[in-house]
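The structure under discussion appears below in the form of structure tokens.
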Amino acid sequence: MSAALGAIREGVDSPKETQLRLLLLRAGCPDLVVNEAILDERGRVIVQPDLRIRDYRITLDYEGDHHRTSRSQWMRDIRRFRQLAGEEMVALRVVGDDLKPPGVFEFLADLQGELDRQGWVGRLRYRSN
């Protein structure tokens, strides 16, 4: 119980975001930041991703089915990812299949590749609950 309480973070928008964060923590992902705004050079908020890996230019956003079925959400997502690219951020979009085998292995390999490109020397390893 105390381990679960220690894993609680404020500002999380959904249970799937929490599932993603806990998966990444178990896998050995470097320092994760929850819902921290990314600012432009003028100090204006560009986006507020679900997760960001501190000291690496990587953001992760869990996208439930409404990101696919809602036209307005889809349009917001397109603009947001375009803005992140302008800030030279790698934005990984995560879906339900990425959170469990077999999809989790490809997702973690993709994330590992991005971390490698940015100089991280660690290794992600899938660990089930």
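Filtering the stretch 119-126 for residues that are part of a loop (DSSP other than H, G, I, E, B), open to solvent by 30 Å² or more (accessible area, probe 1.4 Å) and touching an Asp or Glu at 6+ places or on another chain (Cβ under 7 Å) leaves an empty set.
Checked against the criterion of being surrounded by 14 or more Cβ atoms within 10 Å (Cβ to Cβ) and more than 16 Å from Leu20 (Cβ to Cβ), the candidates Arg80, Arg71 yield just one match: Arg80.
The values are calculated or read from the model by the stated rules, or taken from the named source; none is laboratory data. Everything numeric here is computed off the predicted structure, so don't read it as measured data. For neighbour counting, all protein chains shown are included, and Cβ atoms are generated from backbone atoms with ideal geometry for every residue, glycine included. Surface areas here come from the heavy atoms of the whole protein model, side chains and all, with no ligands, DNA or RNA. Shrake-Rupley method; radii C 1.70, N 1.55, O 1.52, S 1.80 Å.
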